[in-house]
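First comes the structure, then the notes that go with it.
The values are calculated or read from the model by the stated rules, or taken from the named source; none is laboratory data. None of these values were measured; they are calculated from a predicted model. Here the Cβ positions follow ideal geometry from the backbone for every residue, glycine too, while neighbour counts run over all protein chains shown. Side chains included, ligands, DNA and RNA excluded: accessible areas come from the protein's heavy atoms. Shrake-Rupley method; radii C 1.70, N 1.55, O 1.52, S 1.80 Å.
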Amino acid sequence: MEKPKNTEELTKLLRSKDITTTKIVEVVSSLKDLDFEFPNAEVFILELIQDRWNDHKLVEFKRDYKIWKLFNELWSRLQNTSLKKRMFRSLKFVPLLLQTLDLTNLDRVPFLKELRQLCFAINSTVTIDIPTESTFKILGGILNLISSIPSTDLNKNGESELIYEIINLTNIENTPLVNPKLATSYCSYLLVPTLEYLNKFGDTIDPLTRYMKIFLFDEHLDPTKLLAKFIKDNKEQLKPELAALLFQKSISFLASNNFQQLEKIYTLVIDIDPKLAPTLLKELSLSKKTLSQPFLENLLDSQLSLCSTANSYDLPFWSLLSHIIDLDIEVGIKYVQTLLDLIYTQTTLNPKETSTIYKKIVHCYVNARELLDFINLLQVYCEKNTDYSKLFLVNPNFTEIISRNISALSVKQMLLLFNGLLDSLSANGSNEIAFLSLKVCLEGLPRLTYTILPDLKDDLSKIFELNLPDVMKQYELRYLIMEVYDDIIPEKVLEDLSSMENLENLLSSIESRREIFFYFFKLREYKEFDISPVTSKFKSFLNSSDPVATRLILHALFTNWSSLVNVAFTTDDIEELVKLLVFKDNLELLNHLLTNDDLFEEENIMRAIIDQLSSTPDIETTIPYLSKIPIQCFDKKTRIKLLDQISMQRRITENDMHMLFHLLESPTFRSTIESDVTSLYSLMSQDINRLTFTNKVFERIWNNHILQLKEDTSVSFIQNMLATVSENLKSSNDFDMVYFQMAFLILSNNKNNIDLKNLYDVFFLSAFNKINKILDHSDKIPYLSWLIKCLYYILKDNDRCNEFKEPAHILISTLMENSKVKLVEMDQELLGNTFLLFSIFFDEKLEIIFAQYMVLRNKGIDKDTILPGIGNAVTNALSTGPTSDFNTAFSNTIYAFADKDSVFAESILEIYLVQLEKLSKENTVGKHLFVKSILEFYTNIANFVPYKDAIISVLATIENLLVSKPWIFSQYCIEQLFPLSISLLAHTTAVETTDKNDALFTATLKVLSTVLFVHRVKLTQRHHLVISTLCQYLEIISCSQDLELSAESAKLLSRFITNFCEPSSTSISQNNDGKDKLTSKINVIKQSLRKHMPIVLIKYIYLSIGSPFEDSIRKELIQSIFSIFNLLSPVELNLVNAMLDNAGNQFFKTLYADYKKKGKWTEN
């Protein structure tokens, strides 16, 4: 197409019916390049677009967002407001918008952006009268579009602005009186889009929720009727999450005034998806309104009917049933027969759910104080069908629920229950239901208090008078009450026991049950008799039991009767029991039993356990259990056996070393590793790859021998050890680190001043030789590094240090000058250890080693590794040179604080800390320099902001110095600590990273708290300084959420304020003043404080109103505010009241009322 040559051709082109939207945009964008004039171009094109928009057939003009963008650009160029209004009247904007929102394939994101801009322009110029129904359609269409956009493409703020512009455009806020027709229209066009939007974005647009209230839940409307039609028409569209949201909104609008309507809406909503029933019922119950019983009964009936018809009881059903019973115990009680039938039929398929429902039924009766009625009802229910009793009176999952709740009965009810059951059994000893019921109830006796049990004793003793056909049952009942009462057994029973000549025949004639054996064990505690027939039968019973039952029996046996087993069982019996106990499936039970110290007192049992554990082929699996047994339980023979067994393994683990260390707590001096140097060497060879500086097994063996130097065996072992180690160190063979480690451990553990001069000489000579040999071997760097660290540890505090100064310097020089090892490539651990060795012999200016330290730290070497070297150098300088050298270095460190953008800022602070710790009382200049350092640190704190850990260390050191070296803190220095603390917090909390803020806050407060405790005398005339600081601390803690400050910080601040308000005698007196004089001083300080503390109280009140403290922060601070109230007199309280505005006064009154109620001390 040819380029237009004049205005006529151009207008003809633009008006062409065949022209595309893309072409129009291209032509308009090239208007500035025309060779001819085109007057009123903007008006022409705007009218053209409006004309196309008004034609409902021209869909593409509505779909293409570029046309909308072009319209916005041209519209913004028009300055004539009258012209804009006149033009807009010709635009059929509402039909345009409705038609556009119904279109498919809209480029949604850019379209919505342009629509937002257009709505803003329209709202700024004209007002449109839009029918309410069209308003709902437009807003609904916009919400649908926004909800359909993926979250990744969404500009949430922009879309929110668009919604508000549409609300302004449609003037929906000024809708006339709502009627059912409008409400129906709202439900048809806007309710689903609103739910979709709220589900995706939450309640970010307040008007949307407000419109729901106006057009659906207004008091003049019937929301039940409206929602019934809405759900019928939109059931397919309403996803479960939308239905749940709709019900949540219904609760928020109706719960307070029309709960019956809400119950009806619940029925409507769960019809959308029945699985929502339990969730929505829970939501409904959380509204804190009582649901009507007919509603819950109808709901339960309908759900039971549905599930019965489908013959399927799914998880949502059980959840709903559980919640219904929770909501109304009357429903649970009324439907008990139905629910028991349901539990019986479904317990196989749903054991967990049925057990839960049964538990809730029992709780219904407990809460109604009718548990006795339930137990009676359950007996009658089980009598109808004996199969029922197998579930409710035999299955532990159900019987335990009754037993656990027996304590809910009154004493009178218990007596009625037990006497009734005992009477039934006396009348009919074969009454199975009565026996099982009594057994279940007796199992609940251990849960009763000791004040109740005596009231039941006489009646329960009748159990011994029962003469049941089944002796086993009789013994079971007896055992259950014997568990509770120690002195309930009648003498006749004990006498019969002594005359029981044929106990074995008796036991063979009854069925084996654990309660029977426990009964005889219990009798054995009362009277001595031959228990071997019982133990024999008991072993057979135990061996025939399943694994789970075996574990339970063993647990009861070793928990309740360990002493009896230890004394009355034969050695073979105990060994058989222990074999079961150390069986792999029962090891966890053994682990639990070993937490009971009483078991360790039973010698025979412990011997058997140790023998079994140490005799297993796989000793590795039993070592964790052996290590929990006190060393006193191991005899010497067993210790020797275990020491040899473990040490001779091919692979030694950390558990093995721990066990060896444990066994060596009581030395034998006869195991191979205790008596043979070669065996000990072999053991250490297993551990050598870790290159550690400790070996607790070797150290314990060595020290054990040292402690008995008078014994020939130990003298021989020590001599043999020293000779073997020295000989192998001298050897020129391959590098053997084990002997070096043995030598190092001997030398570093020489606490008894044994003559080790020869070993020292051999070790140092061999170490230096080995180091020189492996310098050029990159694969030996770990060994090289380890040896250098060994030299450092031994020489550091050694009197012979100076003898090795020259070879050490040569070694370090060789290492540094080695062409194959450049500093930038050197192993960090090796470099750090070399620095430590160098620091021992350093005797030049301290600034040199400080600089080396800073370079190493900048290289990434850990502070904890090399900082001790700085301590060594400073200590040497103070002990060998004049104090002035230390002071000069200290002064230079302080000057370095001012270096901006220094990469060494953190290491400077670390060096500074070491120097602070080395200050002495005799160093007068050093004291002045310390004060100067505090000022420089305060002035240049901005240089250290990134290094919060270092700052915290500085504060911790200052805190310690306030106590250990109070003489270095002058009056001026003490005063500077207050602004320093605030400045630190101001600078460090201003940065984006909030980590360590909590630690910094507490560190500064600890410094000031220590000032208050140790140096309070220096604050006597400086209360204004403390008050100002406290106010700033309150401001900072009020931003706790943004700054990530915890309640611990608030707790420390609260304690500081309290201590400030309540001076202690320790903090205000440096002399031994009398009690009266101290009391007088305290009163003077409190009187002075009264003038100042109102400021802190007012600050707290205004912060509480303007930027309220978090709950956890406020709870901690309130105690300190109460301490201020304790301090203030009525004069100061009136002053506070006068200085507050109306809101402050109200808060002050509430606060003071809380103080009088909770914080003020009274004699009562």
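Before we move on, is Met657 of a type in the set (A, V, I, L, M, F, W, C), open to solvent by 50 Å² or more (accessible area, probe 1.4 Å) and over 21 Å from Thr571 (Cα atoms)?
No, not satisfied.
Go over the candidates Ile718, Ile774, Ile746 one by one and state the one that is among the β-branched types (Val, Ile, Thr), without any contact (Cβ under 8 Å) to a residue 40 or more places away in the chain and closer than 23 Å to Phe804 by Cα.
Ile774
Which residue is least open to solvent (accessible area, probe 1.4 Å), if the candidates are limited to the range 95-145 and must be acidic (Asp, Glu) and in a helix (DSSP H, G or I)?
In this case the residue turns out to be Glu114.
Kindly indicate whether any position in the range 1033-1047 is open to solvent by 70 Å² or more (accessible area, probe 1.4 Å), more than 30 Å from Thr993 (Cα to Cα) and modelled with pLDDT of 85 or more.
The answer is no, given that none of the residues of the range 1033-1047 is open to solvent by 70 Å² or more (accessible area, probe 1.4 Å), more than 30 Å from Thr993 (Cα to Cα) and modelled with pLDDT of 85 or more.
Name the residue that is most open to solvent (accessible area, probe 1.4 Å), counting only residues in the range 297-317 that are part of a helix (DSSP H, G or I) and of a type in the set (Asp, Glu).
Residue satisfying both the conditions and the ranking: Asp301.
Taking the criterion of being free of Cβ contacts under 8 Å to residues at least 60 places away in the same chain and not in a helix (DSSP H, G or I), would at least one residue in the range 158-169 satisfy it?
No; the residues of the range 158-169 include none that is free of Cβ contacts under 8 Å to residues at least 60 places away in the same chain and not in a helix (DSSP H, G or I).
Within the range 168-186, which residues are open to solvent by 10 Å² or more (accessible area, probe 1.4 Å) and under 23 Å from Leu245 (Cα atoms)?
Within the range 168-186, Pro180, Leu182, Thr184, Ser185 meet the criteria.
If Leu955 passes every condition in (1) more than 13 Å from Thr1004 (Cβ to Cβ); (2) assigned to a helix (DSSP H, G or I) but one, which one does it miss?
It fails just one condition, (1).
What about Asp901, is it on the phi > 0 side of the Ramachandran plot and of a type in the set (Asp, Glu)?
In short, yes.
Filter the range 962-998 down to the residues that are outside any helix (DSSP H, G or I) and modelled with pLDDT of 90 or more and list them by number.
Lys965, Phe969, Ser970
Could you tell me which residue of the range 436-476 is farthest from Val534 (Cα to Cα), considering only residues that are in contact with a Pro (Cβ under 9 Å, 6 or more places away or on another chain) and not acidic (Asp, Glu)?
Ser461
Can you tell me which residue in the range 191-249 is surrounded by the fewest Cβ atoms within 10 Å (Cβ to Cβ), limited to those that are assigned to a helix (DSSP H, G or I) and among the small types (Gly, Ala, Ser)?
So, considering only residues that are assigned to a helix (DSSP H, G or I) and among the small types (Gly, Ala, Ser), the one surrounded by the fewest Cβ atoms within 10 Å (Cβ to Cβ) is Ala228.
Name the residues in the range 1093-1109 that are in a loop (DSSP other than H, G, I, E, B) and crowded, with 17+ Cβ neighbours inside 10 Å, would you?
Phe1109
Does Ser403 satisfy the criteria of being hydroxyl-bearing (Ser, Thr, Tyr), open to solvent by 30 Å² or more (accessible area, probe 1.4 Å), assigned to a helix (DSSP H, G or I) and under 30 Å from Tyr450 (Cα atoms)?
no
Please verify whether Phe71 is part of a helix (DSSP H, G or I) and in the same structural domain as Glu47 (by the TED database), treating the condition exactly as stated.
yes
Does Leu340 qualify as being not in a loop (DSSP other than H, G, I, E, B) and not small (Gly, Ala, Ser)?
Criteria met by Leu340.
Cβ contacts < 9 Å: first residue aromatic (Phe, Trp, Tyr), restricted to the range 1118-1137; second residue part of a loop (DSSP other than H, G, I, E, B), any location; separation 6+ or different chain. Result?
Every condition considered, the pairs that remain are Phe1122/Lys1160; Phe1125/Lys1160.
So which residues in the range 623-654 are at pLDDT 90 or above, of a type outside the set (Lys, Arg), part of a helix (DSSP H, G or I) and within 26 Å of Tyr681 (Cα to Cα)?
Ile623, Pro624, Leu626, Ile631, Thr638, Ile640, Leu642, Leu643, Asp644, Gln645, Ile646, Ser647
In the range 694-719, how many are open to solvent by less than 70 Å² (accessible area, probe 1.4 Å) and polar (S, T, N, Q)?
6
Report yes if some residue within the range 762-774 is out of contact with any Cys (no Cβ under 7 Å at 6 or more places or on another chain), more than 23 Å from Asp676 (Cα to Cα) and part of a loop (DSSP other than H, G, I, E, B); otherwise report no.
No, the range 762-774 has no match at all.
Output the residues belonging to the range 75-86 that are buried (at least 17 other Cβ atoms within 10 Å of the Cβ) and either modelled with pLDDT of 85 or more or within 20 Å of Ile24 (Cβ to Cβ) (or both).
Trp75
Conditions (1) more than 20 Å from Ser879 (Cβ to Cβ); (2) aliphatic (A, V, I, L, M), marked per residue:
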{"position": "Leu916", "(1), (2)": "no, yes"}
{"position": "Ser920", "(1), (2)": "no, no"}
{"position": "Leu929", "(1), (2)": "no, yes"}
{"position": "Lys932", "(1), (2)": "yes, no"}
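Please determine, by comparing only the residues of the range 444-482 that are farther than 19 Å from Leu393 by Cα and aromatic (Phe, Trp, Tyr), which one is surrounded by the fewest Cβ atoms within 10 Å (Cβ to Cβ).
In this case the residue turns out to be Tyr450.
From Val380, Val366, Val394, Val411, grab the single residue that is open to solvent by 10 Å² or more (accessible area, probe 1.4 Å) and over 26 Å from Pro351 (Cβ atoms).
It is Val411.
Condition (residue is open to solvent by 80 Å² or more (accessible area, probe 1.4 Å), polar (S, T, N, Q) and in contact (Cβ under 8 Å) with a residue 24 or more places away in the chain) applied to the range 571-592: is it met by at least one residue?
Yes, the range 571-592 contains a residue that is open to solvent by 80 Å² or more (accessible area, probe 1.4 Å), polar (S, T, N, Q) and in contact (Cβ under 8 Å) with a residue 24 or more places away in the chain.
Any idea which residue in the range 762-796 is nearest to the chain's Cα centre (by Cα), counting only those that are surrounded by fewer than 14 Cβ atoms within 10 Å (Cβ to Cβ) and charged (D, E, K, R)?
Asp779
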